[in-house]
Amino acid sequence: MRQPIKRASWVHRRDRRGVAFVAPFLLGFLLFMVVPLGYAIYTSLYTYKIIGGTSFSGAANYTQTLESGQFWSGVIRVVAFGAIQIPVMLAIAFFFACVFDLGVAKYGTFFRTIFFIPFAVPAVVGAVMWSFLLEPQFGPFTRLANALGFSGTNFFSPNLLLPSIIVIVIWEWTGYNMMILYTALKSVPRDIVEAAIIDGAPLSRIILRVKLPMVRPAIVMLVFLNTIGALQLFTEPQILEYFQQGSVSVNYTPSYYIWNTAIAANQTNLAAAMAVILAVVIVLISGLSLIVRSGRRAGARRPVPAASRRAEAPRPVPVRRGELV
């Protein structure tokens with residue numbers, strides 16, 4: 001006689017154990033993500049005035065943000081930043097991931113650790129270090145540029161500030177992206193690569209025609225993750241501002257503009273509306289990432305119809321009697 005009741009009780013006990021394991025994460029997510037977001041939405045619906053106190057303003061803060069040229073100029077700047085930084089960084093990361101995967105470089109473990117160290121360095125420490133290296137008067141890179149004939153080079157000037165931040169962020173995050181791509185390359189079946197080598201394919205074609213398509217899902221994921229990171233650019237402009245006053249405007253990036261609006265201008269309600277809008281954009285990008293990746297997985301798992309398999313199957317070659325020995 002079957003005993004479904006005991007099985008059901010075992011399943012319930014197992015589910016309770018799973019809840020206990022995920023409870024710390026759920027608690028942290030609730031306290032540090034959901035509650036602050038809810039409070040930001042609540043705060044954004046009000047406006048504080050010196051005369052009259054706090055009053056309900058509805059969507060006025062959102063309307064002011066959406067009509068603000070300063071806010072959108074910062075958005076355009078981080079879009080330009082991401083459009084340059086993300087492809088360059090992923091290209092460098094993929095190149096070194098292929099080098100380590102193919103075993104071309106000796107002491108691969110040591111060099112992978114060296115490449116990963118900048119990611120382990122806190123962003124504030126990395127930005128301060130690069131600020132000293134790019135310092136307009138005594139920085140070694142400034143002196144090198146002057147020695148090469150580019151006199152008067154100032155990496156903190158408005159024309160060179162964004163490229164300087166791009167270099168800093170590439171240095172910080174290339175190792176992290178390289179390790180993810182290296183792990184993805186390790187999942188490529190070795191027999192496919194060996195078949196390409198036997199066929200006489202050059203190394204460049206093996207990398208671009210065999211390995212690159214196989215790790216495309218990982219690259220798509222990294223593109224979305226780095227796009228979200230670019231929208232939240234904050235630490236590097238803030239640190240560079242301390243080394244040369246006036247080099248970074250108050251609305252240089254959306255996150256930096258939100259911070260200045262809340263702290264310097266003491267308009268916390270307006271800053272909350274800006275933060276909610278930025279959070280909505282990030283959520284939309286995250287949802288688009290999930291949709292794209294789910295579509296790719298569904299397309300890869302879609303079974304081939306039987307009729308198509310029969311049509312693609314090679315037809316047997318007719319052999320006449322007497323032709324076989």
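The values are calculated or read from the model by the stated rules, or taken from the named source; none is laboratory data. These numbers come from a predicted model, not from an experiment. Here the Cβ is made from the backbone with ideal geometry for all residues, glycine too, and neighbour counts use every protein chain on show. These area figures cover heavy atoms from the full protein model, side chains too; ligands, DNA and RNA do not enter into them. Shrake-Rupley method; radii C 1.70, N 1.55, O 1.52, S 1.80 Å.
Suppose we filter Ala230, Ala275, Ala271, Ala264 for residues that are surrounded by 14 or more Cβ atoms within 10 Å (Cβ to Cβ), closer than 30 Å to Pro136 by Cα and either of a type in the set (Lys, Arg) or out of contact with any Asp or Glu (no Cβ under 6 Å at 6 or more places or on another chain) (or both); which single one remains? So that I can check it myself, show each step before the final result.
On the way: Ala275 fails: closer than 30 Å to Pro136 by Cα; Ala271 fails: closer than 30 Å to Pro136 by Cα; Ala264 fails: surrounded by 14 or more Cβ atoms within 10 Å (Cβ to Cβ).
Criteria check complete, one pass: Ala230.
Scan the range 203-213 and tell me whether some residue there is of a type in the set (Ser, Thr, Tyr) and over 21 Å from the mean Cα position of the chain (by Cα). Give the steps one after another, and end with the answer.
Residues of the range 203-213 of a type in the set (Ser, Thr, Tyr): 204.
Okay, now just the ones that are also over 21 Å from the mean Cα position of the chain (by Cα), so 204.
So far as the range 203-213 goes, yes, one or more of its residues are of a type in the set (Ser, Thr, Tyr) and over 21 Å from the mean Cα position of the chain (by Cα).
Under 6 Å by Cβ, and 6 or more places apart or on different chains, what pairs join a residue from the range 186-215 that is farther than 17 Å from Val99 by Cβ with one that is polar (S, T, N, Q) and not in a helix (DSSP H, G or I)?
Hits for this filter: zero, empty list.
Six or more apart or on different chains, Cβ atoms under 6 Å: show the pairs whose first residue is in the range 123-138 and without any contact (Cβ under 8 Å) to a residue 40 or more places away in the chain and whose second is open to solvent by 80 Å² or more (accessible area, probe 1.4 Å).
Leu133/Phe141; Leu134/Phe141
Within the range 27-83, how many residues turn out to be more than 26 Å from Pro237 (Cβ to Cβ) and outside any helix (DSSP H, G or I)?
Matching residues across the range 27-83 total 15.
Taking Ile41 as the residue in question, decide whether it is farther than 24 Å from Ser187 by Cα and surrounded by 12 or more Cβ atoms within 10 Å (Cβ to Cβ).
On the way: farther than 24 Å from Ser187 by Cα: yes; surrounded by 12 or more Cβ atoms within 10 Å (Cβ to Cβ): yes.
For Ile41, the condition - farther than 24 Å from Ser187 by Cα and surrounded by 12 or more Cβ atoms within 10 Å (Cβ to Cβ) - is met.
Please tell me if Arg112 is among the basic types (Lys, Arg) and open to solvent by less than 60 Å² (accessible area, probe 1.4 Å). Let's see the steps before the verdict.
Working: among the basic types (Lys, Arg): yes; open to solvent by less than 60 Å² (accessible area, probe 1.4 Å): yes.
Yes.
Quick check: anything in the range 132-150 buried (at least 17 other Cβ atoms within 10 Å of the Cβ), assigned to a loop (DSSP other than H, G, I, E, B) and in contact with a Pro (Cβ under 6 Å, 6 or more places away or on another chain)?
Looking through the range 132-150, none of the residues is buried (at least 17 other Cβ atoms within 10 Å of the Cβ), assigned to a loop (DSSP other than H, G, I, E, B) and in contact with a Pro (Cβ under 6 Å, 6 or more places away or on another chain).
Could you list, in sequence order, the residues of the range 92-108 that are open to solvent by 30 Å² or more (accessible area, probe 1.4 Å) and more than 17 Å from Val210 (Cα to Cα)?
Selection gives Ile92, Val104, Ala105, Lys106, Tyr107.
Considering only the range 208-218, I want to know if a residue exists there that is under 30 Å from Leu288 (Cα atoms), crowded, with 18+ Cβ neighbours inside 10 Å and aliphatic (A, V, I, L, M).
Step one: list which residues in the range 208-218 are under 30 Å from Leu288 (Cα atoms), which gives 208-218.
Filter again for crowded, with 18+ Cβ neighbours inside 10 Å, leaving 211, 215, 218.
Going one step further and asking which of them are aliphatic (A, V, I, L, M), we end up with 215, 218.
Yes - at least one qualifying residue is present in the range 208-218.
I need every pair where a residue in the range 59-71 that is of a type in the set (A, V, I, L, M) has its Cβ under 8 Å from the Cβ of a residue that is surrounded by 13 or more Cβ atoms within 10 Å (Cβ to Cβ) and not in a helix (DSSP H, G or I), sequence separation at least 6 or different chains.
Ala59/Leu45; Ala60/Thr47
Taking the conditions exactly as written (open to solvent by 80 Å² or more (accessible area, probe 1.4 Å), within 15 Å of the chain's Cα centre (by Cα) and either under 29 Å from Tyr46 (Cβ atoms) or modelled with pLDDT of 85 or more (or both)), does Leu225 satisfy them or not?
On the way: open to solvent by 80 Å² or more (accessible area, probe 1.4 Å): yes; within 15 Å of the chain's Cα centre (by Cα): yes; either under 29 Å from Tyr46 (Cβ atoms) or modelled with pLDDT of 85 or more (or both): yes.
When the stated conditions are applied, Leu225 passes them.
Anything in the range 165-192 that is open to solvent by 10 Å² or more (accessible area, probe 1.4 Å) and over 19 Å from the mean Cα position of the chain (by Cα)? List them, or say none.
Those that are open to solvent by 10 Å² or more (accessible area, probe 1.4 Å) and over 19 Å from the mean Cα position of the chain (by Cα): Lys186, Ser187, Pro189, Arg190, Asp191, Ile192.
Would you mention how many residues in the range 233-247 are out of contact with any Ser or Thr (no Cβ under 7 Å at 6 or more places or on another chain), within 14 Å of Val124 (Cβ to Cβ) and open to solvent by 20 Å² or more (accessible area, probe 1.4 Å)?
Number satisfying all stated conditions: 3.
In this structure, does Ile86 turn out to be among the aliphatic types (A, V, I, L, M), open to solvent by 80 Å² or more (accessible area, probe 1.4 Å) and closer than 22 Å to Gln232 by Cβ?
Details: among the aliphatic types (A, V, I, L, M): yes; open to solvent by 80 Å² or more (accessible area, probe 1.4 Å): no; closer than 22 Å to Gln232 by Cβ: yes.
Judged against the criteria, Ile86 is not a match.
Go through (1) over 25 Å from Val223 (Cβ atoms); (2) at pLDDT 90 or above; (3) of a type in the set (Gly, Ala, Ser) and name the single condition Ser164 misses.
In the conditions (1) over 25 Å from Val223 (Cβ atoms); (2) at pLDDT 90 or above; (3) of a type in the set (Gly, Ala, Ser), Ser164 misses (1) alone.
Can Thr253 be described as open to solvent by less than 20 Å² (accessible area, probe 1.4 Å), within 25 Å of Val283 (Cα to Cα) and modelled with pLDDT of 90 or more? Spell out the reasoning first.
Numbers: open to solvent by less than 20 Å² (accessible area, probe 1.4 Å): yes; within 25 Å of Val283 (Cα to Cα): yes; modelled with pLDDT of 90 or more: yes.
It is true that Thr253 is open to solvent by less than 20 Å² (accessible area, probe 1.4 Å), within 25 Å of Val283 (Cα to Cα) and modelled with pLDDT of 90 or more.
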